[in-house]
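> Encoded as structure tokens, here's the structure I'll be asking about.
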Amino acid sequence: MVQNTMITGTRRITLAALLIAITLLLGFTGWGFIPIGTPTIAATIFHIPVILAGILFGPDIALICGVIFGIFTSMLGFPFWIVVPAKMFIGVVAHYVFIGLVAFSARNKQKTGVQHTIFPSSVAAVAGSLTNTVFTLGLATIFRLFGESIEANLAVVYASIIPASIEAVAAAFICSAVVAALYPLKYVFTIPYLGK
């Protein structure tokens, strides 16, 4: 039993390290940020590994990935004290939304097996993506990052609505597909096992 736990722990650490490596790759290559015309606004896929870290590994690994995301975002010119706190909670929110929906689904015996992960992981991905957008733009607006007037800050917020919506939908599709594909490894992750 101890050996089996050790194997599971080793696999978990290896897969978590892989997710952290993907997060670093997106940061160092710049592939995580997609410029959309203005220097202050960029669509991102950087939040996807952070959301997956929250769903698959729990809040601890999600916090690490979120801090990495925040550090790379600060390198784009955003103040460190705005983006790091905003990015830290992406995966944490996704984790608790996912676990709550899976528990609700299991309690009501709606679905079992891999099917029980698709809707909760989609909703968790949207929640994580919106956490990214709302926290980042909210803190930036509070601290008047985009200008002294509230109108200038709100203009950036309004311009971010469409990219944020696209990010949320993309995150829902990608995260639900990845979680469904990795469900056979449920003993490695925090995904509750509800049968085949």
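> In nanometres, what is the gap between the two model label sites at ALA155 and TRP31, each 7 Å from Cα along Cα-to-Cβ?
Label-label distance for ALA155 and TRP31, simple model: 3.5 nm.
> Something else: Which ³J(HN,Hα) values in Hz, rounded to whole numbers, follow from the phi angles of the stretch 19-30 under the Karplus curve 6.51 cos²θ - 1.76 cosθ + 1.60, where θ = phi - 60° and Gly and Pro get x?
Using θ = phi - 60°, the values come out as 5, 5, 5, 5, 4, 5, 4, 4, x, 5, 8, x Hz.
> THR44's amide H: which non-local residues (gap 5+, or another chain) put their own amide H closer than 5 Å, with H modeled 1.01 Å from N in plane and none for Pro or chain starts?
Correct list: ILE34.
> Further question: Using the Cα centre as the reference, give the magnitude of the dipole from point charges on the C-beta atoms of the stretch 2-185 (Lys, Arg: +1; Asp, Glu: -1; all else neutral), rounded to the nearest 20 debye. Could you put the intermediate results ahead of the total?
Details: 7 positive and 4 negative charges, 124 e Å.
So the dipole magnitude of the stretch 2-185 works out to roughly 600 debye.
> Starting from the Kirkwood Rh over alpha-carbon pairs, what translational D in µm² s⁻¹ does the stretch 2-185 have by Stokes-Einstein at 37 °C and 0.692 mPa s? Before the final figure, lay out the partial values.
Numbers: Rh = 16.9 Å.
In µm²/s, the coefficient is 194.
> Then there is this: If Lys and Arg each add +1 and Asp and Glu each add -1, what is the summed charge of the other residues whose beta carbon sits under 15 Å from the beta carbon of ILE68?
Details: positive: LYS87; negative: ASP60.
Overall, the nearby charge balance is 0.
> Report relative contact order for the stretch 2-185 in percent, whole number only (criteria: Cα-Cα under 8 Å, sequence separation at least 6). Don't jump to the answer; show the numbers that get you there.
Values: 253 pairs, mean separation 37.3, N = 184.
It rounds to 20 percent for the stretch 2-185.
> Residue by residue, what Karplus-based ³J(HN,Hα) values in Hz, rounded to whole numbers, does the stretch 136-150 have, using 6.51, -1.76 and 1.60 with θ = phi - 60° and x for Gly and Pro?
Result, rounded to whole Hz: 5, 5, x, 5, 5, 6, 4, 8, 6, 5, 9, x, 6, 7, 5.
Where a number appears in this text, it was derived from the coordinates with a stated rule and is not lab data. Just so it is clear, the structure is predicted and the values come from calculations on it, not from any experiment. Don't worry about glycine lacking a Cβ; one is built from the backbone with ideal geometry, like all the others, and counts go over all protein chains shown.
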